[in-house]
């Protein structure tokens, strides 16, 4: 079961945020057609010149880095703690995008205010790819409050997210055919890592009785996580973080926590903490820690997940294990 409060208000806020994407087009409307990368799609990369690649989020960037290896020069626009729902591209961002050979973004309106920008660039001939295009509609979640729009937080199901690797592999092969063997080998190795992290998570989740698997967070980023690991997910805010939680939302959440005797609730790294802290105080539930939701952690920051294993929260596998371990230990 996936829960959410104050749905109608969140739907209106989300629609409003999507309308704002038109602002991004102004950054391109300077009398110029978006430039295409020389040789893009035709194997234009020289033997000693890596592809210039730009990714939007840390999750997408981590995937591209692992697949591309030394054959790509990667820049990631959004760092740790950045909320992609609210991110506004700067003039420097647009310049980096225009000068790149390949652009990767998550898609499904995650980068809401950049959507129009990507459409315009693709229309101008630039190589732009949404990694979630590899996922079938049947596998995506369509929340009740956003009919017609899919939940973009697909990376919290490692099996689904591993399918996005194919989007990256095929795009890099198209734009750099001479690196095909490298990209395909790296992609397969990465897929095995993601699935191994999923198996680790399943074993860890099994330590927590099903009746205790209730995950209370700031916003609805964990619906795919809930489906993958049999959690009931309840959030104060909706899919987008455009609007803040109201007093009625907070009061309903407090009542829910008391009724279900939820032991711990969680803040998120890319969402303000105030609402969850207020709920914790009023409900008596402890704050079980900070989960990574719309951005991974800082690269090189290590976290102990038990049994002598430490993971880098700046990697996808490390972020996933961090979240699973923190949630299970806090809810036991």
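Side notes on the structure shown:
- Close Cβ contacts (under 7 Å, 6 or more residues apart or on different chains) running from residues in the range 245-273 that are closer than 16 Å to residue 213 by Cβ to residues that are modelled with pLDDT of 90 or more and in a loop (DSSP other than H, G, I, E, B) comprise 257/285; 262/285; 263/285; 264/285; 265/285.
- Only residues that are closer than 19 Å to residue 80 by Cα and in a loop (DSSP other than H, G, I, E, B) were counted across the range 298-314, and they come to 6.
- Any hit, the range 213-222, residues being part of a helix (DSSP H, G or I) and at pLDDT 95 or above: no
Yes or no, residue by residue, for (1) out of contact with any helix residue (DSSP H, G or I) (no Cβ under 9 Å at 6 or more places or on another chain); (2) surrounded by fewer than 23 Cβ atoms within 10 Å (Cβ to Cβ); (3) closer than 23 Å to residue 319 by Cβ; (4) not assigned by TED's automatic domain parsing to the domain that holds residue 113:
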residue: 180; (1), (2), (3), (4): no, yes, no, no
residue: 213; (1), (2), (3), (4): no, yes, yes, yes
residue: 224; (1), (2), (3), (4): no, no, yes, yes
residue: 235; (1), (2), (3), (4): no, no, yes, yes
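- Boolean, residue 187 is assigned to a helix (DSSP H, G or I), in contact with a strand residue (DSSP E or B) (Cβ under 7 Å, 6 or more places away or on another chain) and closer than 30 Å to residue 166 by Cα: no
- Of everything in the range 120-138 that is touching a helix residue (DSSP H, G or I) at 6+ places or on another chain (Cβ under 7 Å) and assigned to a helix (DSSP H, G or I), the residue that is surrounded by the most Cβ atoms within 10 Å (Cβ to Cβ) is 131.
- Residues of the range 66-92 satisfying the condition of being more than 25 Å from residue 150 (Cβ to Cβ) and without any contact (Cβ under 8 Å) to a residue 40 or more places away in the chain: 70, 73, 74, 75, 90, 92
- One residue alone among 306, 226, 318, 300 is free of Cβ contacts under 8 Å to residues at least 40 places away in the same chain, in contact with a strand residue (DSSP E or B) (Cβ under 7 Å, 6 or more places away or on another chain) and closer than 17 Å to residue 205 by Cα, and that residue is 318.
- Annotation note: of 115, 95, the sole residue that is surrounded by fewer than 23 Cβ atoms within 10 Å (Cβ to Cβ), modelled with pLDDT of 95 or more and not in a loop (DSSP other than H, G, I, E, B) is 95.
- Any hit, the range 98-110, residues being assigned to a helix (DSSP H, G or I) and either at pLDDT 95 or above or surrounded by fewer than 19 Cβ atoms within 10 Å (Cβ to Cβ) (or both): yes
- Filter result for residue 266 (within 21 Å of the chain's Cα centre (by Cα) and either assigned to a loop (DSSP other than H, G, I, E, B) or surrounded by 14 or more Cβ atoms within 10 Å (Cβ to Cβ) (or both)): yes
- Of all the listed residues (75, 142, 38), the sole one being modelled with pLDDT of 95 or more, surrounded by fewer than 23 Cβ atoms within 10 Å (Cβ to Cβ) and not in a helix (DSSP H, G or I) is 75.
The values are calculated or read from the model by the stated rules, or taken from the named source; none is laboratory data. Quick caveat: nothing in here was measured; it's all calculated off a predicted structure. Backbone-built Cβ (ideal geometry, glycine too); neighbour counts: all protein chains shown.
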